[in-house]
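Structure first, commentary second.
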Amino acid sequence: MSYVIPAPVPATVEVAGGTARFPVHRIYCVGRNYAAHAREMGMDPEREPPFFFSKPADAIVANGAAVPYPPRTGNLHHEIELVVAIGAGGRDIPLANALAHVFGYAVGNDLTRRDLQFAAREKGQPWDVSKGFDHSAPITAIRRASEVGHLERGRIWLEVNGERRQQADLAEMIWNVPEIIVELSTLFELVPGDLIFTGTPAGVGPVQRGDSLVGGIDGLETLRTTVV
Ligand code: MN
């Protein structure tokens, strides 16, 4: 195969305990999957169920790497999230079999240009520029489900410069991981290499250049990001 321009380098994520990497196909994200976060965004979780949006695969940022403060925003927000790595594809996946499609889990940050998101929301415009910008998806190494099991509960937290900003439990998710896989697979054919950011708990807020972000989930690696 030859190309008329240089072919893009595939986006990949480290896998804990080995040198082989996880190739990223797509990045799906769940919006408003914790009731307290939906409320802090001014929404009623009883009336507005979670939903999906996406980021480009090359928005991935390796654990420990610096994130450049993005252009065209004055309100960059952190959103710490459990990330599901899909290892086996499918469509219309049944609930009882959903977890068999999971390769593993990671900790991610769904970085958001909140000012652009609110402007888009007011006008009924898409979220792409507020969510899917360059360097918008820092993520840890993936831990295999065969090693850590499936994560139904456990602390999820994020600190900015040592100050706790977000803290919740995975059990508070409105759609749990199997339900997310079922729902998403009715909209898209899931493919090995898909990542799913499963939504953030309450406590989102702004970050500035020079800030140090540290976030974690029980059983997974700690995500460390500096904004530059
Ligand atoms: Mn999010």
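Computed quantities for the displayed model
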{"item": "Number of the exception - Thr73 against (1) under 20 Å from Asp128 (Cα atoms); (2) away from the ligand (no atom under 16 Å from the Cβ); (3) without any contact (Cβ under 8 Å) to a residue 60 or more places away in the chain", "result": "(2)"}
{"item": "Sole residue being within 14 Å of the ligand (Cβ to nearest atom) and touching a Gly at 6+ places or on another chain (Cβ under 6 Å), chosen from Ile196, Ile139, Ile174, Ile156", "result": "Ile139"}
{"item": "Residue check for Asp128: at pLDDT 95 or above, on the phi < 0 side of the Ramachandran plot and more than 16 Å from the ligand (Cβ to nearest atom)", "result": "no"}
{"item": "Odd one out for Ala96, checked against (1) out of contact with any strand residue (DSSP E or B) (no Cβ under 7 Å at 6 or more places or on another chain); (2) under 22 Å from Ala168 (Cβ atoms)", "result": "(2)"}
{"item": "Condition met for Tyr28 (of a type in the set (Phe, Trp, Tyr), in contact (Cβ under 8 Å) with a residue 12 or more places away in the chain, out of contact with any Cys (no Cβ under 6 Å at 6 or more places or on another chain) and on the phi < 0 side of the Ramachandran plot)", "result": "yes"}
{"item": "Strands (runs of 3 or more DSSP E) fully within the stretch 76-184 counting 1 or more residues that are more than 18 Å from Thr200 (Cα to Cα)", "result": "80-86, 102-109"}
{"item": "Given (1) away from the ligand (no atom under 15 Å from the Cβ); (2) within 14 Å of the chain's Cα centre (by Cα), number of the condition Leu187 does not satisfy", "result": "(2)"}
{"item": "When residues of the stretch 37-70 are limited to those that are more than 13 Å from the ligand (Cβ to nearest atom) and of a type in the set (Gly, Ala, Ser), the one surrounded by the most Cβ atoms within 10 Å (Cβ to Cβ)", "result": "Ala57"}
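Here is a yes/no grid of residues against (1) within 15 Å of the chain's Cα centre (by Cα); (2) at pLDDT 95 or above; (3) of a type outside the set (D, E, K, R):
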residue: Cys29; (1), (2), (3): yes, yes, yes
residue: Phe53; (1), (2), (3): yes, yes, yes
residue: Asp58; (1), (2), (3): yes, yes, no
residue: Gly64; (1), (2), (3): no, yes, yes
residue: Pro70; (1), (2), (3): no, yes, yes
residue: Leu76; (1), (2), (3): no, yes, yes
residue: Ala88; (1), (2), (3): no, yes, yes
residue: Asn97; (1), (2), (3): no, yes, yes
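The values are calculated or read from the model by the stated rules, or taken from the named source; none is laboratory data. Treat the numbers as computed from the prediction; the structure is a model and nothing was measured. Cβ sites come from the backbone with ideal geometry, for glycine too, and all protein chains shown count toward neighbours.
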